[in-house]
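A short worksheet on the structure shown next.
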Amino acid sequence: MYKLKLFFSGITLLLSGSALAFELDWQKALQVGGQTLQKVQQANRPVTEPQEIELGHGIAANLLGASPLLDNPGAQVYVNRVGRWLSLQTDRPDLPWQFGVLQSTDLNAFATPGGTIFITKGLLQRLTNESELAGVLAHEMVHVLSKHHLAALQKTARMNIASDLAGEVINDKGNPLLDKAVQAGTEVYARGLDKNDEFEADRKGIVIATRAGYDPYGLPAVLQMLDAANAQDSSLALMFKTHPAPRDRLNLLDKIMANNFDGYPAPDQTDKRYNSELAELK
């Protein structure tokens, strides 16, 4: 009988220990769960416009570190003039929009949060008229208007690497964590955005360019040029890596555009102005 009591006493002690361990594990789980919830809340916290602009300036500085601005004041002024006119056709005309031509010979264009848009010299040289330029710039502007890069950053935060890359991290200038957010934002350009973001930028970019009086087929013409280019051309490597295939983008636009933009002819002087002001780049 004594041994039986001892056995049950042992079982009771074991169960008590298990219960205590379970309670401790449950408390730990609640603590971890609370931390995770806090991170998710931070990752989903809206970024204010000043935060967006500050982050964008940091990313733009990184992009300029990789490729400086083209030393051609005429080209810079011209691209800014076209871009500023396009910005007036958007629902965020008061952003500090600025446009620049990068020295890079790659064929590409970039947008950073807050309204900084870059186009490379390589792509600019391949364009044949101002409507094509407007189409490219408007496409990039949609990434800003729809906050695609911010969404990509917040998605990274939700997937964890650091929830401090979103929300409170971008609160103040001089915040040491801002550098991490800028670096993470810059890395988005190497990975590329979601393909649906690119399709949206195509669709809405054409609308913006059309509102501004440009030929709505300017951007499709650029996509046709890219589709016909040699896929092995190193100057197209990043573009092809980070964007859907030009043919896929054209097919979607063909279904959407149909004859919907025929009532918006571009001004006759557009192409002539482009050819005269950027002839030195050819």
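Along region 98-113 the Karplus relation, 6.51 cos²θ - 1.76 cosθ + 1.60 evaluated at θ = phi - 60°, assigns HN-Hα couplings of 8, 10, x, 9, 7, 5, 3, 8, 5, 9, 6, 8, 9, 10, 10, x Hz to successive residues, with x for each Gly and Pro.
Counting 0.36 nm for each residue step from residue 71 to residue 245 and taking away their Cα separation leaves a gain of 59.5 nm.
Rule-based calculations on the coordinates, nothing more; no lab input. Every value quoted in this text rests on a predicted model; they were computed, and no experiment measured them.
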